[in-house]
C-alpha cells in the first residue's frame, strides 16, 4: 500500500475512524494569510473555508467555534447563548495545548482535549466546506452535516460580517 500524499494527522485519523469521506487539499501556507489566502489558492469562496476557533468562557471552560472564513464571531451573542458573562479567544499556547495542533493548523477533529463544539448555523446550508485537517497548509473538504454529527456540534447564530 502506498503512502498518501497528504499528512496523516490526528484529524485525518478521526475522520477515518468516524468513516467520514473527505478530500485532502494541500496549499502553500503563509503566516497570517488566513482563510482569504486558502480560498484564493484552492479556488473556492472564503465563505466555504471554515475557521476553527478555540475560545473560552470567563470561567476558563474552553470550547470550539466553527465560523465562515469571511465572518467574525459576535462574542456578546455567543456569551448570551452560553449563559455566561463573557467569551474570548484562548491564548495561543493554551489553544495549542488543548488541541495538540499549532495555531494556523488547528482542526476541530481529533483534538487532544474533548471540548464542546458550536457551528455557525449557515455553515450547515453549504454543500461542502473546507476546514483544517490538523496541519498548516492542509484543509479537508467535507460534508458539513457529517462533520457536525461526528463532532456533536451545536448550531448557533453568532456571525457578524
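Does at least one position in region 82-89 carry a residue that is without any contact (Cβ under 8 Å) to a residue 24 or more places away in the chain and under 17 Å from residue 160 (Cα atoms)? Please lay out each step first, then the result.
Pass one, region 82-89, residues without any contact (Cβ under 8 Å) to a residue 24 or more places away in the chain: 83.
So of that shortlist, the ones also under 17 Å from residue 160 (Cα atoms) come out as none.
No, region 82-89 has no match at all.
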Take residue 116 and tell me if it is under 20 Å from residue 148 (Cα atoms), within 16 Å of the chain's Cα centre (by Cα), in contact (Cβ under 8 Å) with a residue 40 or more places away in the chain and crowded, with 16+ Cβ neighbours inside 10 Å.
no
Taking first residues from region 122-145 that are at positive phi and touching a residue at least 40 places away in the same chain (Cβ under 8 Å) and second residues anywhere that are crowded, with 23+ Cβ neighbours inside 10 Å and assigned to a strand (DSSP E or B), the pairs with Cβ under 9 Å that are 6 or more apart or on different chains are 134/140
Counting only residues that are in a helix (DSSP H, G or I) and buried (at least 21 other Cβ atoms within 10 Å of the Cβ), region 79-113 contains a total of 2
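Rule-based calculations on the coordinates, nothing more; no lab input. From a predicted model like this one, the values you see are computed outputs, not experimental measurements. So basically every Cβ, Gly included, is an ideal-geometry build from the backbone, and we count neighbours across all protein chains shown.
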